[in-house]
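The values are calculated or read from the model by the stated rules, or taken from the named source; none is laboratory data. All values derive from a computational prediction rather than experimental measurement. Cβ sites come from the backbone with ideal geometry, for glycine too, and all protein chains shown count toward neighbours. Calculation scope for accessible area: heavy atoms of the full protein, side chains included, ligands and nucleic acids excluded. Shrake-Rupley method; radii C 1.70, N 1.55, O 1.52, S 1.80 Å.
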Amino acid sequence: MDLKRLLVFPFLFFSALAFSQTDTSVVKFLNPASVSAPRGYSHAVQIDLGTCKMIIISGQVGIDNKGNLVGQGDFGKQTEQAFQNIKSIVESAGGTMDNVVKLGFYLLDVNNIQTMRTVRDKYINLKNPPTSTLMQVSKLFRDDILVEIEATAVIPNKK
């Protein structure tokens, strides 16, 4: 290993430690009671950026706060519940859906795109819509889940 790499490695290592998941002054894990209890993951992470906080939200599906699937076989109802979960998480962090800056959609059938857009448009800021990625996937984590939506929000800190 050359000298340059030897000098860069400690910098990268200690920089990564500064943003470690264990530093609760910068990173907080969120699991509000308004969404189902997660198993083996957190619903969201809140990252303090100084003047604002970034909320990175795990993929949400059509499961209500009691752990029940809403809309068995109904893409629209599952999408609605997923957005309700996202809204609940953003609000629990002190924000609104206007603070959502990125959405990621995973659909089993891209032919449901218009239904997805119709539901989405009830929740997002249509004048300044968030960035978005949509993917058709062959399978999600359960056979009865038709859509999964992840989100990122940036919420200004209260002054």
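Table for the structure above
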| read-out | value |
| --- | --- |
| Strands (runs of 3 or more DSSP E) enclosed by segment 76-159 - at least 3 residues per element that are open to solvent by less than 80 Å² (accessible area, probe 1.4 Å), among the β-branched types (Val, Ile, Thr) and touching a residue at least 40 places away in the same chain (Cβ under 8 Å) | 147-156 |
| Qualifying residues in segment 28-62 (those that are touching a residue at least 40 places away in the same chain (Cβ under 8 Å) and among the β-branched types (Val, Ile, Thr)) - the one nearest to Phe141 (Cα to Cα) | Val61 |
